[in-house]
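The values are calculated or read from the model by the stated rules, or taken from the named source; none is laboratory data. Just so we're clear, the structure is a prediction, and the values are computed from it rather than from any experiment. Don't worry about glycine lacking a Cβ; one is built from the backbone with ideal geometry, like all the others, and counts go over all protein chains shown. The accessibility values were calculated without ligands, DNA or RNA, using every heavy atom of the protein model including side chains. Shrake-Rupley method; radii C 1.70, N 1.55, O 1.52, S 1.80 Å.
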Amino acid sequence: MINVKIDPRILAACPQVQIGLLSANVVNGETADALWQEIEDEAARIASTYQLLEINQRPAIAATRRLYKSLGKDPGRYRVSSEALCRRIIRGLGLYRLTSLIDIVNLVSIKSGYAISGLDADKLVGDTLTMGVGEKDEQYCAIGRGFLNIEGLPVYRDAQGGVATPTSDEERTKFTLDSTRVQININAFALEMPVDEALTWTASLLEKYAQATNIETRIITEF
């Protein structure tokens, strides 16, 4: 399993951070109807539970937003991914039906409140991911968005460069239909769903909908 390190600036701003790690061999494909029904059921629960202005008060989302502010980033302009997904649901825009792996990550994210990094493990360079702080003019191509100004954002980097932020993952390491090995990081800057429960549920979804094998999980609380 990949090693994870965290920059002291992140720890100073958020000493309670926990990272849930999951790696597995998988088979990606079109999202099964049963998985999409689980997503629609959870989306309906969110829409009936929260008002639009309440979403950013969920513990996991609020903590990530506080981290952004402490690093000098505007969380209203650069939304946390879990917040952005929930806002789409409440506004009646719905979620995009993509692939099994992407939709599993999105389902866990909207239910748990956590921003989750879903990475194709075969595209990672080196054996370590380091969560640091984005630098000015650092090159980062966000999935479906093009260049993203990650200055002041928490960012995972491998030996080649940035691969994930709580706002958007990077094109280089995104899931595709050819992905066969995943690295999923559940970024808990404050607890909402217990991280061990989130990992167990993610593993079960991967087994059910992505034929996952060789699943490994770990929770990092000390860095």
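Tell me which residues, restricted to the stretch 109-135, are among the small types (Gly, Ala, Ser) and open to solvent by 10 Å² or more (accessible area, probe 1.4 Å). Please lay out each step first, then the result.
Going residue by residue through the stretch 109-135, those that are among the small types (Gly, Ala, Ser) are 109, 112-113, 115, 117-118, 121, 126, 132, 134.
Scanning the stretch 109-135 gives ALA121, GLY126.
So how many residues does the stretch 35-45 have that are in contact with a Lys or Arg (Cβ under 8 Å, 6 or more places away or on another chain) and more than 29 Å from ALA63 (Cβ to Cβ)?
The total comes to 1.
Kindly establish whether GLU83 is acidic (Asp, Glu), modelled with pLDDT of 95 or more, closer than 23 Å to ALA210 by Cβ and touching a helix residue (DSSP H, G or I) at 6+ places or on another chain (Cβ under 6 Å). Steps first, answer last, please.
Details: acidic (Asp, Glu): yes; modelled with pLDDT of 95 or more: yes; closer than 23 Å to ALA210 by Cβ: no; touching a helix residue (DSSP H, G or I) at 6+ places or on another chain (Cβ under 6 Å): yes.
Against the criterion (acidic (Asp, Glu), modelled with pLDDT of 95 or more, closer than 23 Å to ALA210 by Cβ and touching a helix residue (DSSP H, G or I) at 6+ places or on another chain (Cβ under 6 Å)), GLU83 does not qualify.
Do the conditions hold for ILE150, that is, is it modelled with pLDDT of 95 or more, of a type in the set (Val, Ile, Thr) and closer than 18 Å to ILE186 by Cα? It would help to see each step written out before you state the result.
Numbers: modelled with pLDDT of 95 or more: yes; of a type in the set (Val, Ile, Thr): yes; closer than 18 Å to ILE186 by Cα: no.
Here the answer is no, as ILE150 does not meet what is asked.
Would you say VAL182 is touching an Asp or Glu at 6+ places or on another chain (Cβ under 8 Å), over 23 Å from ILE10 (Cβ atoms) and touching a residue at least 40 places away in the same chain (Cβ under 8 Å)?
Numbers: touching an Asp or Glu at 6+ places or on another chain (Cβ under 8 Å): yes; over 23 Å from ILE10 (Cβ atoms): yes; touching a residue at least 40 places away in the same chain (Cβ under 8 Å): yes.
So VAL182 fits the description; yes.
Residue by residue through the stretch 106-132, note down the ones that are closer than 15 Å to GLU83 by Cβ and outside any loop (DSSP other than H, G, I, E, B). Give the derivation first.
Of the stretch 106-132, the ones closer than 15 Å to GLU83 by Cβ are 106, 108-116.
Residues satisfying the conditions are ASN106, VAL108, SER109, ILE110, LYS111, SER112, ALA115, ILE116.
Restricting the search to the stretch 38-62, which residues are open to solvent by less than 20 Å² (accessible area, probe 1.4 Å), closer than 18 Å to SER204 by Cβ and not aliphatic (A, V, I, L, M)?
Within the stretch 38-62, GLU42 is the sole residue that qualifies.
Looking only at residues that are touching a residue at least 60 places away in the same chain (Cβ under 8 Å) and acidic (Asp, Glu) in the stretch 3-37, which one is least open to solvent (accessible area, probe 1.4 Å)? Explain how you work it out, then say what you get.
Filtering the stretch 3-37 down to residues touching a residue at least 60 places away in the same chain (Cβ under 8 Å) leaves 3-7, 9-11, 14, 16-32, 34-36.
Restricting the remaining residues to those that are acidic (Asp, Glu) gives 7, 30.
Numbers: ASP7: 34, GLU30: 163 Å².
In this case the residue turns out to be ASP7.
Go through the stretch 195-206 residue by residue and tally those that are open to solvent by 60 Å² or more (accessible area, probe 1.4 Å) and either under 11 Å from ASN28 (Cα atoms) or among the polar types (S, T, N, Q) (or both).
1
Considering only residues that are farther than 21 Å from CYS14 by Cβ and in a strand (DSSP E or B), which ones fall in the stretch 133-155?
Hits for the stretch 133-155 are CYS141, ALA142, GLY146, PHE147.
How about the stretch 136-181: which of its residues are under 17 Å from LYS5 (Cβ atoms), of a type in the set (Asp, Glu) and either open to solvent by 30 Å² or more (accessible area, probe 1.4 Å) or in contact with a helix residue (DSSP H, G or I) (Cβ under 7 Å, 6 or more places away or on another chain) (or both)?
Scanning the stretch 136-181 gives no hits.
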